[in-house]
Amino acid sequence: MSPYNPERRTILRGTLLAAGCVLCAPVLRAAESSSGTAQKPDIAPGGKISKAQANYQNQPKGAQQCGTCTNFDAEFSTCRVVEGKVSPNGWCQLWTKKA
């Protein structure tokens, strides 16, 4: 009997699904706690959420800061998921460590 050897594509799909869940869970939790029922957060015109919805702050949370987040674009001081300019020293609940 040979050991189970999943295809690379299956592993990639599972990884992407897990990453999506990790990124969406805090936003959905924040929307649910603010109204008592789950609702879709208001998405800005660029497909991003507001700083308030992300609980953005201009200072880091311990070692976590925008400059070390996978969503931060240092060239433009913007975030892939939060609208507007963000500080490299800022932080929000969607922070994800760069690989």
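The values are calculated or read from the model by the stated rules, or taken from the named source; none is laboratory data. Because the structure is predicted, anything quoted here is derived from the model rather than measured. Don't worry about glycine lacking a Cβ; one is built from the backbone with ideal geometry, like all the others, and counts go over all protein chains shown.
Taking the criterion of being over 14 Å from residue 48 (Cβ atoms) and without any contact (Cβ under 8 Å) to a residue 24 or more places away in the chain, the only residue of segment 78-99 that qualifies is 88. When only residues in segment 50-99 that are aromatic (Phe, Trp, Tyr) and assigned to a loop (DSSP other than H, G, I, E, B) count, which is farthest from the chain's Cα centre (by Cα)? The extreme case among them is 76. Given (1) at pLDDT below 95; (2) loosely packed, with under 14 Cβ neighbours inside 10 Å; (3) not hydrophobic (A, V, I, L, M, F, W, C), identify the lone condition not met by residue 59. Of the numbered conditions (1) at pLDDT below 95; (2) loosely packed, with under 14 Cβ neighbours inside 10 Å; (3) not hydrophobic (A, V, I, L, M, F, W, C), the odd one out for residue 59 is (1).
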